[in-house]
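Just below is one structure, and these are the notes that go with it.
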Amino acid sequence: MTGDQLSTTTPELGVRRAQLDSVALADEEYREIVRALGREPNDLELGMFGALWSEHCSYKTSKALLRQLPTEGPNVLQGPGENAGAVDIGDGLAAVFKIESHNHPSAIEPYQGAATGVGGILRDVFAMGARPIAILDVLRFGPLDRDRNRHLFQGVVAGIGGYGNCFGCPTVGGEVYFDPAYTDNPIVNAMCVGLVSHEGLRRARADRAGDVVLLVGADTGRDGIQGATFASVEMDERSASRRPAVQVGNPFLEKLLCEACLVLNELEGVTATQDLGAAGLTSAASELAYRGRRGIDLEVDRVSRREHGMSAYEVMLSESQERMLVVVRPAAEAAARDVFEHFELHADRIGTITGSGRIRVREGGAVVGDMPLKALVDGVPSRSPAVEFADKHPSPPMPSIAEPEAILLDLLASPNLKSRRPIYRTYDHQVQDNTVIGPGFDAALLRVPGTNKGLALTTDGNPWYVALDPYDGTRAAVAEAARNIACTGARPLAVTNCLNFGNPDRPSIFAQLQESVRGLADACRAFELPVVSGNVSLYNETSERNILPTPVIGMVGLLDDLSKRCPAGFQEDGDLVFLLGETRDELAGSQYLQLLGARLKGRPPSVSLEMERRLQSALLDSIAAGVVRSAHDVSDGGLLIALAESALFGRRGLKCPNVTGAMSREAFFFGESLGRVIVSIAPRQVPDLQRLMVHHQIPIHAMGVVGGENFQVGSDVRVPLDTLRQAWETAF
Amino acid sequence: MRTGVVVFPGTWSDRDCGHALGDVLDQPVDYVDYREQNLKGLDLVVLPGGFSYGDYLRCGAIARFTPVMEAVTAFAAQGGLVLGICNGFQILQEARLLPGALLKNASCEFRCEWVHLRVEQSNSAFTVDCRPGQVLRIPISHGEGNFFADPSALERLEQESRVVFRYCTQDGQSAPDANPNGSLHNIAGISNVRGNVLGMMPHPERACEALLGGDDGLLILQSAIHAWSRVPA
């Protein structure tokens, strides 16, 4: 933008063009604001509208699509629209969970961007009254041979650990992939799961006029101002100058805030708690009051500040972390204050709930902002950008391989498949004493404290399949997440999702989003899985390069009896290994083709949700009946990789002398056909397994026998287990 | 045996210690606020892991000035059992109840993983149920567990047999590659002269149930119970 443009005004709009740009509002959106107010907004009001009408806060480009998602089910206690979703897990308990993106801040300042991503999602969960029990992180980076990508990778991993470890919530899972499309634009999504009794489940709905509004936790500073707007535009070389839009985290303070909120939750007379996240006080106050169909009056002078001379604009739009709004009956104010005092935290009485339906901001006794909440929270016009669907290309002919053993070792050592231990061992994954299966396997499994139940948690999203076909790729992600949950013996319960896409103003990108959401909706319906929370991150475009479409599925499952849990690694020498499910001649989108440097082209592995459901039922029945000793999902890298992983997990060799499929050796070894699981069983259980698979009509394929020092498949692959491990444990 | 688990601002292993001692070992447990000045009626005081005061300034440096630490110092002087785990160990050093310092891990990274510990002596109150040379499998979870002491202090610790645990291989060798953090002499835990105060970086409270991967930590907590029951009241 030139200096000339900065000073130009658009007379018709009555506002400086630069001001509209700085809050990323379109001309017609501005006209809508003037209509809603019946006048021109002042600077503060324009800033508040800009933040709440940003893509990040308003979902204006995605909300029409998101209506397709199934959000109800018999277990659902809270669907989308609150700080997090909640499902019933029996025993009077609820699992509360959500996933959220922090891509843009992490691209600029990776440590703090990732740290505050974790902090934000933790607050979403304890705002619901739940104690956070697990964190999972979904990460995507450009290749690490570029120093900028390495800087982002190291910063993000350190930030996640730095925050979660200090806070005391275990990081139990997640995934990380690398692709050139994420260069300079990493994906950082954090999911948090919490537990609360049904009665303790709290909503952020201020529905009683006269209630007192307390701002608790950290002081308010100038950090993160207009962060929501920043997260709603594409990035370029000037983005580094947006560093002030990135917040700085204080996990110690968050820990105190969490403990205080959990104590507060036991008090009588607490109406609502609401986390301050994107768009800070503006969003928290407006949403609280609007959800309760009330109004809110705020006095910015009463907000404790970190620095002098902050304007009302800065106070209302600061995204300083570790803050929470608490709404209490006047009679409960003193007791609430005592709680925060015990934890040595501020509690500023900054306003009251009114019956006005408006948000009124006062400074020095004067009203400096006054807006109808309906317009502010819900008035942004939906956008439906143009779409342009990509042609679907058939899969190209497959290259054949001479040395499957070398390919296996190269794949095991490749960035997308090698052991994640160097990452997750920097995260505390055990604190709280509930981690039964930690990171590195199909799904994490946590004990539900005080019960014999387990919660299985996973995140999934193969971006290459989605790039090849957004609809099928997203259905595949749901299917894989459910399969990962089922491999532990747990039944999938519900879904949260984070939709990371490029710039939706490009028709091809909006088409990806549209198809992906349709796939998500169809798959969740087919599996009868409600979507109880989620987040959309658009404009993941850097200097006109867009990320791969990256919808991420977070899933929670329930295991009724932890003693029936199923590990992923081989358990006993002499056990027999079987492949459940059907292998097809499919290689497009595979890690194998990536390794060979082939272009991303063709059809992704085909998805049959009906077959997938049968497979998972068959697997769950087998595990429940005690037939199966280990189960591991066949996914990235294909069959050979899955077998190798089960051998590595279990520290046991494998002998599969005569395995072949009815397709090319490449597709059989390295194809990623969906709906497959590797199981190991005691020899005497073979008839039981066969019977169960016949019953569910699932093809079963004998692989070999567990044991020995080698990993041996067919006549081509014979590798000492130690060599396999060396490849797999290649450093990042 | 009545246990007090001290809760500083930022402590997070308090509930895990309470779970291990209370739910698994069925002992009465009280949570003790950092402002408490009275430890009457307690037989064992646990300073649990976590990030007291965010580990700001230096791990344990602020917590050691809290009122409860004065009480813990007096309690230890009277022979009361004190177990400092992870951040609790750091606090005990800052409070000068144990010698040495815990530096940043040699890897410069936080490490959460299962390690093996060799029990060096069974005289401390926390190892009376163990055999010298016994190997325990217990997790660590810290960024600053690299034990350091100056040469004379280190020599004294060794001479007085106050090194209670050393990082070792699965078969009990205290080899360099079994050392997860760069600690001098592979030291994972030390006691005071009397043996009633133990500081250790690994987390025994995380190793009390086979369901969670192992229960060797029980030996340490049960040792304390047995040591206490032998002390005439």
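The values are calculated or read from the model by the stated rules, or taken from the named source; none is laboratory data. Everything numeric in this text was worked out from a predicted model, so none of it was measured. Using ideal geometry, Cβ is built from the backbone for each residue, glycine included, and neighbour counts are taken over all protein chains shown. The area values use the complete protein model at the heavy-atom level, side chains included, leaving out ligands, DNA and RNA. Shrake-Rupley method; radii C 1.70, N 1.55, O 1.52, S 1.80 Å.
Once neighbouring chains are kept in place and the probe is 1.4 Å, which whole percent of the accessible area of the range A:273-372 is contributed by carbon and sulfur?
45 percent
Only loop residues by DSSP count here, and only those with at most 16 other Cβ atoms within 10 Å; note down the trypsin sites (Lys or Arg not before Pro) in the range A:242-310 that meet that.
Listed in order of number, the matching sites are A:Arg293, A:Arg306.
Compute the accessible area of each residue in the range A:417-440 twice, once for its chain alone and once with every protein chain present, using a 1.4 Å probe on heavy atoms, and list those whose area falls by at least 40 Å².
A:Arg425, A:Thr426, A:Asp428, A:Gln430, A:Val431, A:Asp433
For the range A:183-237, state what percent of all Cα-Cα pairs lands in each successive 5 Å bin, counting from 0 Å until the bin that includes the largest distance.
4, 9, 10, 15, 18, 17, 13, 8, 4, 2, 0
Could you give the distance between the Cα centres of the range A:46-61 and the range B:1-64, to the whole Å?
45 Å
When the dipole is taken about the Cα centre of the protein assembly as shown, and only Lys, Arg (+1) and Asp, Glu (-1) are charged at their Cβ, what size is it in debye, to the nearest 20?
560 debye
Hey, could you grab the Kirkwood Rh for the range A:299-441? Inverse mean 1/r over distinct alpha carbon pairs, Å, one decimal. Spell out each step's value before the answer.
Details: mean 1/r = 0.0438 Å⁻¹.
About 22.8 Å, per the Kirkwood formula over Cα pairs.
Indicate, rounded to the nearest 5 percent, the antiparallel portion of the DSSP beta bridges found entirely in the protein assembly as shown.
Values: 120 of 159 bridges.
Given both bridge residues lie in the protein assembly as shown, the antiparallel proportion sits at roughly 75 percent.
For the charge dipole of the range B:3-229, defined by +1 on Lys and Arg C-beta atoms and -1 on Asp and Glu C-beta atoms about the Cα centroid, which residue among B:Leu102, B:Gly133, B:Phe51 has the Cα displaced farthest towards the positive pole?
B:Leu102
Could you work out the helix-only [θ] at 222 nm for the protein assembly as shown, with each DSSP H run of four or more residues adding -39,500 (n - 2.57) and the total divided by the number of residues, to the nearest 500 deg cm²/dmol?
Result for the protein assembly as shown, helices only: -9000 deg cm²/dmol.
At q = 0.17, 0.19, 0.23, 0.24 Å⁻¹, what log₁₀ I(q)/I(0) does a Debye calculation on the Cα points of the range B:117-214 give, no solvent, two decimals?
Normalising to I(0) and taking log10 leaves -0.73, -0.92, -1.35, -1.45.
Using a 1.4 Å probe on protein heavy atoms only, how many Å² of accessible area do A and B hide from each other, summed over both chains and rounded to 100?
2400 Å²
For the range B:42-83, which residues drop by 10 square angstrom or more in accessible area between the chain on its own and all protein chains together (1.4 Å probe)?
With the partner chains in place, the range B:42-83 has these residues losing at least 10 Å²: B:Phe51, B:Tyr53, B:Gly54, B:Tyr56.
In debye, nearest 20, what is the charge dipole magnitude of the range A:575-665 about its Cα centre with +1 on Lys and Arg Cβ and -1 on Asp and Glu Cβ, if you could check?
It works out to roughly 280 debye.
Greater than 19 Å separation of Cα atoms is the criterion. Which listed pairs, A:Lys98/A:Lys374; A:Lys255/B:Lys104; A:Lys63/A:Lys98, meet it? Mind dumping the intermediate values first?
On the way: A:Lys98/A:Lys374 25 Å; A:Lys255/B:Lys104 23 Å; A:Lys63/A:Lys98 17 Å.
Checking Cα-Cα distances, A:Lys98/A:Lys374; A:Lys255/B:Lys104 exceed 19 Å.
Between the alpha-carbon centers of the range A:185-200 and the range A:453-532, tell me the distance in whole angstrom.
If you average the Cα positions of each part, the centres end up 17 Å apart.
What fraction, in whole percent, of alpha-carbon pairs in the range A:623-720 exceed 18 Å separation?
Distances greater than 18 Å cover 47 percent of the Cα pairs.
Going by the alpha-carbon gyration tensor, a ≥ b ≥ c the square roots of its eigenvalues, is the protein assembly as shown rounded (a/c under 1.5) or, if a/c is not under 1.5, prolate (a/b greater than b/c) versus oblate?
oblate
Over the range B:154-233, calculate the relative contact order: mean separation of alpha carbon pairs under 8 Å at least 6 apart, over the residue count, as a percent.
Details: 83 pairs, mean separation 15.2, N = 80.
In percent, rounded to a whole number, it is 19.
Counting Lys and Arg as +1 and Asp and Glu as -1, what is the net charge of the other residues whose Cβ lies under 13 Å from the Cβ of A:Phe501? Walk me through the numbers on the way to the answer.
Details: positive: A:Arg140, A:Arg506; negative: A:Glu55, A:Glu234, A:Asp505, A:Glu515, A:Glu541.
Once positives and negatives cancel, what remains is -3.
So what is the relative contact order for chain A, in percent, with contacts set as C-alpha pairs under 8 Å and at least six apart?
That works out to 15 percent.
Can you give the net charge of the other residues whose Cβ lies under 14 Å from the Cβ of B:Glu109, counting K and R as +1 and D and E as -1?
In short, +1.
Using a Förster radius of 25 Å, what is the FRET efficiency between A:Arg148 and B:Ser107 based on their Cβ-Cβ separation? Nearest 0.05, please.
0.60
In debye, nearest 20: dipole of the range B:3-229 around its Cα centre with unit charges on the Cβ of K, R (+) and D, E (-)?
Using only the charged Cβ atoms, the result is roughly 440 debye.
Using amide H atoms built in the peptide plane, which far-off residues or other-chain residues are under 5 Å from A:Glu175 H to H?
Here the answer is A:Asp137, A:Val138, A:Leu139, since their amide H atoms fall under 5 Å of that of A:Glu175.
If you take the beta carbon distance between A:Asp378 and A:Ala209 as r and set R0 to 25 Å, what does 1/(1 + (r/R0)^6) give as a FRET efficiency, to the nearest 0.05?
The formula returns an efficiency of 0.80 here.
Ignoring ligands, DNA and RNA, please state the percent of accessible area on the range B:3-229 from carbon and sulfur, probe 1.4 Å.
Roughly 49 percent, rounded to a whole number.
With a 1.4 Å probe and all protein chains kept in place, how do A:Glu480, A:Glu28 rank by accessible area, largest first?
Highest to lowest solvent-accessible surface, that is A:Glu28, A:Glu480.
Would you mind classifying the range B:3-229 by shape? Square roots of the alpha carbon gyration tensor eigenvalues, ordered a ≥ b ≥ c; an a/c under 1.5 is rounded, otherwise it is prolate if a/b is larger than b/c and oblate if not.
rounded
Of all DSSP beta bridges in the range B:3-229, what percent run antiparallel (nearest 5)?
Of the beta bridges lying entirely in the range B:3-229, close to 60 percent run antiparallel.
With a ≥ b ≥ c taken as the square roots of the eigenvalues of the C-alpha gyration tensor of the range A:90-143, please select rounded if a/c is under 1.5 and otherwise prolate if a/b is larger than b/c or oblate if it is not?
Values: a/c = 3.75, a/b = 2.30, b/c = 1.63.
Prolate is the answer for the range A:90-143, as a/c is 1.5 or above and a/b outweighs b/c.
Mind checking which of B:Val164, B:Trp114, B:Ala210 is farthest towards the positive end of the range B:109-233's charge dipole, using Cβ charges of +1 (Lys, Arg) and -1 (Asp, Glu) about the Cα centre?
B:Val164
Relative contact order of the range A:206-346: what whole-number percent is it, with Cα pairs under 8 angstrom and at least 6 residues apart?
49 percent
Could you work out the local net charge near A:Ser563, counting Lys and Arg as +1, Asp and Glu as -1, over the other residues with Cβ closer than 14 Å to its Cβ?
With Lys, Arg at +1 and Asp, Glu at -1, the net is +2.
Take the Cβ-Cβ distance between A:Glu405 and B:Asp23 as r, set R0 to 51 Å, and report the resulting FRET efficiency rounded to the nearest 0.05.
That pair, A:Glu405 with B:Asp23, gives E of 0.55.
Out of all DSSP beta bridges with both ends in the range A:227-374, state the antiparallel percent to the nearest 5.
Restricted to the range A:227-374, the bridges split so that about 80 percent are antiparallel.
Probe radius 1.4 Å, ligands and nucleic acids left out: which of A:Glu259, A:Glu729 has the largest accessible area, and how do the rest follow?
Order by accessible area, largest first: A:Glu729, A:Glu259.
Excluding same-chain residues fewer than 8 positions from A:Lys453, which lysines have a Cα within less than 20 Å of its Cα?
Straight-line reach from A:Lys453, under 20 Å: A:Lys564.
On average, how much accessible surface per residue is there in chain A, in Å², for a 1.4 Å probe, leaving out ligands, DNA and RNA?
33 Å²
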